[in-house]
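One structure is given here, and the rest of the page talks about it.
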Amino acid sequence: MKKNILLALFLLQSVFVFAQSNFKPGSVITNANDTLRGYIDYRTDEMNTRICRFKTNLNDKEAQSFAPGEIAGFRFTDEGKFYVTRTIEIIAGQPQTVFLEFLVKGMLNLFYFPDAESKQDFFIFEDREGNMTYTTQRPAQIVGNDSGRAFFSEDMRFRNIIAYRFPEFKPVQQEVQNMAFDRSSMINFVRNYHNAVCTSGEECIVFEGRKNNPIVKWDFFVSGGMEYQTFKDSYRGHNQTTTKIAPLLRAGVEFSFPRWQKSLSALLSIYATKMSGNFNYTYEARPTYYSYWIYNAEHDFSANKIGSDFAIRYTYHKGKVRPYVQVGTSLLDYFSGKNHYLENRSEYNTYNSDMLLDRKYKAYNIATADAFSNIKIGVGSNFWIRKNQFLFFNIQYNHQFGESMLNLPHYIYFDSFSIFTKYNIWQFEVGYRF
């Protein structure tokens, strides 16, 4: 058990060590206004404000790291996102130099900054003189309660700040009344402001990134295959093993965070299959000096099984064939289950083998424990067929820690005992991801 846990921890550590980059085509603008073209690590909005990791070629082993102020800015070619160095004061008297996401360039410049310390988003307006206006929105607050109903107060102070700061834009008083605290509303306001006050014909440039690059991405998948089941049963200290093959159906969703790490993902799925087994025992005992007993026992069980899996996966994201490894665990539940036990105990005289007693004990639908710890280790590969669509195959091994116990009640016979069942499973699947 300890070896399996250590193996799982090693796999998870390896996943995190090798899954910490997401380089995209881009360019770096130096403080001398030169442009360096190559590849930039595309991370979350908050991470992009703190560091720029740059490679001239994707095959470079080491990336150059630029802090805010060491370069003028950087830009992602395909994603359209643009970051520039600025010194800001979220808290008066506490300046900090960061990379701001540049949203609009015009008579007003608009920037976006997710502040890690306050956990708040800021839209920052910069006029032609370099003066900055900061707007944010605090979480809604519960302000009262009436007959069991809670009332929330939404922070709309950013509207008053904008209306007060830019009075030369005549339609501002009306526009801000319906303004939402989001990118689209802020960009539209700055664009309308530019068109209203600009007299030189200067173009208003929007750098907003593409909409098809979400922070969280999910893919659905369905698959079918088979489960190769190995059951180990213990009866009065005697062990037996039986194997079964059962059909398997699965459906689930895979979550990934492409702007943090596109190779690392989490999977949630449910699957359905069947399980069954049969054990037969013959056992001789001598409980007393004058007699010996012969046991003939049969243990049959069957059930439909529903399982839910959680796994962490690392995928090699290049080419049409994309192999992966994963590690996870399962929760199981059984229904329509049958668990039958039949025992025949014959007692004989030690001296002449005369039958002394012949007894039969039956136990039907005796509940088994279905909650246990387990670990699943899997490998497989995705095969690209078209945009965001893949065929895949998957192999998983499910190892159970501990045993499920079948307690035979005392009233069935006077020397009651327990049967312990343990199983390990291989799952073989093919499926479609979309």
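The values are calculated or read from the model by the stated rules, or taken from the named source; none is laboratory data. Here the structure is a predicted model, which is why all the values come from computation and not from measurement. Here the Cβ positions follow ideal geometry from the backbone for every residue, glycine too, while neighbour counts run over all protein chains shown. For accessibility, only protein heavy atoms count, side chains too; no ligands or nucleic acids. Shrake-Rupley method; radii C 1.70, N 1.55, O 1.52, S 1.80 Å.
What the table shows:
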{"quantity": "Any chance Ser223 is modelled with pLDDT of 85 or more, open to solvent by less than 30 Å² (accessible area, probe 1.4 Å) and closer than 30 Å to Phe434 by Cβ", "calculated": "yes"}
{"quantity": "Within the stretch 274-322, considering residues that are in contact with a Pro (Cβ under 8 Å, 6 or more places away or on another chain) and assigned to a strand (DSSP E or B), the one modelled with the highest pLDDT", "calculated": "Thr315"}
{"quantity": "Residue count for the stretch 97-111, restricted to those that are assigned to a strand (DSSP E or B) and open to solvent by 20 Å² or more (accessible area, probe 1.4 Å)", "calculated": "3"}
{"quantity": "Test: residue in the stretch 226-235 that is modelled with pLDDT of 85 or more and under 30 Å from Phe82 (Cβ atoms)", "calculated": "no"}
{"quantity": "Enumerated strands (runs of 3 or more DSSP E) restricted to the stretch 323-409, each holding at least 3 residues that are modelled with pLDDT of 70 or more, of a type in the set (A, V, I, L, M, F, W, C) and surrounded by fewer than 17 Cβ atoms within 10 Å (Cβ to Cβ)", "calculated": "373-386, 389-401"}
{"quantity": "Number of positions in the stretch 111-146 that are over 34 Å from the mean Cα position of the chain (by Cα) and not aromatic (Phe, Trp, Tyr)", "calculated": "12"}
{"quantity": "Test: residue in the stretch 274-295 that is without any contact (Cβ under 8 Å) to a residue 12 or more places away in the chain and of a type in the set (Lys, Arg)", "calculated": "no"}
{"quantity": "Hits in the stretch 135-188 (condition: modelled with pLDDT under 80, part of a loop (DSSP other than H, G, I, E, B) and open to solvent by 100 Å² or more (accessible area, probe 1.4 Å))", "calculated": "Ser147, Lys170"}
{"quantity": "Qualifying residues in the stretch 238-273 (those that are of a type outside the set (D, E, K, R) and more than 25 Å from Gly307 (Cα to Cα)) - the one modelled with the highest pLDDT", "calculated": "Ser263"}
{"quantity": "Selected residue (criterion: farthest from Lys24 (Cα to Cα)) from residues of the stretch 204-218 that are at pLDDT 85 or above and over 25 Å from the mean Cα position of the chain (by Cα)", "calculated": "Cys204"}
{"quantity": "Scan of the stretch 24-66 for residues that are among the hydrophobic types (A, V, I, L, M, F, W, C) and within 19 Å of Tyr112 (Cβ to Cβ), ordered by number", "calculated": "Ile29, Ile40, Met47, Ile51, Cys52"}
